[in-house]
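The values are calculated or read from the model by the stated rules, or taken from the named source; none is laboratory data. Given the structure is predicted, the values throughout are model-derived calculations rather than measurements. Glycine also receives a Cβ, built like all others from the backbone with ideal geometry; neighbour counts cover every protein chain displayed.
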Amino acid sequence: MKEICKNCKNTISDNFCGNCGQKKYKRIDKKYIFDELQYTILHTNKGFFYSIKNILRNPGKTAREYIDGNRVNHYKPILLALVLGGITAFISFKILHSDKIVNDYYSHQFNVVKMNEQMENYMANFNKFYTTYYSLILLSTVPFFSLASYWAFKKWKFNYFEHIVLNTYYYIYYTLIGIILAPIMYFLNSSNPMLMTSLILVVTPFLLYWFYKGVNPEKHSSEIILNILKFLAFLIPIFLVTYVILIILFVIYIVLFIK
């Protein structure tokens, strides 16, 4: 039986409106709620965990497949990045108490250099802000990182927006590693927060190589390494811009939340 779409007023002859995709009207009852819950659980298991499994196995290949159009089984990368960013912030702030660890470490450093109390408070707040929202701050830099990768890998023929997707997948991969290594990070941060930062800087080029080798496995390793070096060089001015943005965000944070 034909019905009128409640959304666009088009005639529906199937279970969905051929014009806007709206489902055929069905009164909300027990079966409706059960079907919605079942769809939500199965869709999450299929998309969310399927994407995480493939990203951990080969992040570059997963990103390339998504760009090439194999998307039906994957969780949308930007949404996945936001979800994981929230999880990371929760782990960092509520479980690892990274803000307290960093504050304790730098409080000792401030005492060594005899920093005045007002400046010490500002630096403590900055460290708390940066540590708590580190994952989300890193996600906000993806558009800037994508400029660098677009210039460095220009011969690979990806457009700028495809590079945003590539760097979002790299961010997801980086975040997942952080979540898995959270206990080790807690131990390292407890002893010396700078040790973890140094370790991240050391392993980043290797993670980038593994990622871009997965994106384009037919490319020779020397070409990938050269492009990564160009990418890191392009990041220098971008880091400066990001640092300025971070300072602006910190000032806003101080004005709004620190009394």
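Couple of notes before you dig in:
- Those residues of the range 143-176 which are touching a Leu at 6+ places or on another chain (Cβ under 6 Å) and farther than 17 Å from L82 by Cβ, in sequence order: A148
- Against the test of being within 30 Å of W156 (Cα to Cα) and either of a type in the set (D, E, K, R) or modelled with pLDDT under 85 (or both), the options K94, K53, K30 yield a single qualifying residue, K53.
- The residue pairs whose first member lies in the range 196-209 and is surrounded by 13 or more Cβ atoms within 10 Å (Cβ to Cβ), whose second member is modelled with pLDDT of 70 or more, and whose beta carbons are closer than 7 Å, counting only pairs six or more residues apart or on different chains, are P205/I228; L207/Y174; L208/I228; Y209/I224; Y209/I225; Y209/I228.
- When the range 199-222 is filtered for residues that are within 10 Å of F153 (Cβ to Cβ) and in a helix (DSSP H, G or I), the ones remaining, listed by number, are Y212, V215.
- Among residues of the range 230-259 that are assigned to a helix (DSSP H, G or I), those with a beta-carbon under 7 Å from a residue that is at pLDDT below 75 and of a type in the set (V, I, T) at least six positions away or on a different chain give the pairs L246/I137.
- In the set (1) modelled with pLDDT of 85 or more; (2) in a helix (DSSP H, G or I), the condition left unmet by N70 is number (2).
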